[in-house]
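Report on the structure given below.
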Amino acid sequence: MDNGFLFSKKMWALIMVLLVVLMAAAAFALQFSGEKTEPPPVIDRNDTAKPVNPGTGLSKAVFKVGNMSCSGCISTIKGALAGFQGIEDVLVDLGSGTAEVYFRQGSGTEVAAMAKAITDSGYPASIVKVFSAEEIQKERTLAASKSQYYIASVSGYDIARADFDMEMNAARKQYQKDYGADLFNTPKGQALEQRLQGQILSRLINQGTLLQEVNRSGFKVDDKTLESELKAYIEKNGKSERALEQAVREAGYNYDYFKKRFETGVLIDRFVDEKVLAGAKTPDQKQRAFADWYRNVTTLTKVVYYDKDLERSIRQQASSGSCCPVK
């Protein structure tokens, strides 16, 4: 693969929030370098909605919505639904192109009319499914039981809470090293922690999306290749494996976890190179090929959150910028 398309140390630092440079190659496949298009977060939701209580008689309508790309789209869709009575919450998922509307039964709200209002605002919408309050409660009960071990699912790929905790602990450790042990006891530190949660969860979701595609295709990398890649990385950085292990631990990671993430990076990188970018010759062609492929993949991706507090955090990561005017 062209060196310009390797997952760079600089981009890895963005993912793992200012971790030591040595940790960069652990997941070089999770972000592209400046020449490769960065996968957008799978979830980019409205961050002003209030949490809903499924036990209060709320129903949920799920719509497939076209033409969405940024926070301006979210604002427009919310505005289109503002005149409906009984709507309690609107959640828009840019990654999968869906909108979820929580509303009270008996309020006169018509789901077909909601779809028309969204469509008339410039975003073609069709009804996917309407969930009753009882069905929503079942979803929440299942999520609560799974949240002890998993924080989210990406089309059936469960993201382990242990992985998330490992990343958060490492991020906290780095910030405390730079800004003091009491950082997260301050209001600004608490706001930072919530932002870190959203950032890390978004990265893990992106990784899960890519891994699901790798698994679905049956693509494999043999153990000998993985060992060779790790050895080459160690030699390139002039470190012994013992020195690498020490640096990893100082960064707040378990070494076995580091190696697993490194192997995951190799797997995804090889898959993208051999399957997604096959036939693309120039950097521009590769960029377009990956962007088109990833956009299609995220359209088919279904993200389910088991930890509702973390879902709130990632919703607050919705971009404040807009690529289109708010209507």
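List the lysines whose Cα sits under 23 Å from the Cα of Lys188, skipping any in the same chain fewer than 8 residues away. Partners found: Lys50, Lys173, Lys177, Lys308. Listed values for the range 297-302 are Karplus-derived 3J(HN,Hα) couplings in whole Hz (6.51 cos²θ - 1.76 cosθ + 1.60, θ = phi - 60°), namely 4, 5, 4, 8, 7, 10, and x replaces Gly and Pro.
Counting every C-alpha pair in the range 187-257, the share spaced more than 15 angstrom apart comes to 73%. Rounded to the nearest 0.05, what FRET efficiency do Gln176 and Gln105 give with R0 = 56 Å and r taken as the Cβ-Cβ distance? Could you check? The pair Gln176/Gln105 has a calculated efficiency of 0.70. Note on Arg242 and Lys224: the extension gain reaches 4.5 nm, defined as 0.36 nm multiplied by sequence separation minus the Cα-Cα distance. Computed over the range 54-142, relative contact order equals 46 percent, with contacts defined as Cα pairs under 8 Å that lie 6+ residues apart.
Of the cross-linked pairs Lys224/Lys302; Lys129/Lys302; Lys260/Lys286, those separated by over 25 Å at the C-alpha level are Lys224/Lys302; Lys260/Lys286.
Around the amide H of Glu88, modelled in the peptide plane, lie the amide H atoms of Tyr102, Phe103, Arg104, all under 5 Å away and 5 or more residues distant in sequence or on another chain.
Using the Cβ-Cβ distance between Ala113 and Thr299 with R0 = 22 Å, the FRET efficiency computed as 1/(1 + (r/R0)^6) comes to roughly 0.30. In this label model, Asp292 and Lys260 are separated by 3.6 nm, measuring between points 7 Å along each Cα→Cβ vector.
Bear in mind these aren't lab numbers, they're just calculated from the coordinates by the rules spelled out. This one's a predicted model, so the numbers in the text were calculated from it and none came from an experiment. For neighbour counting, all protein chains shown are included, and Cβ atoms are generated from backbone atoms with ideal geometry for every residue, glycine included.
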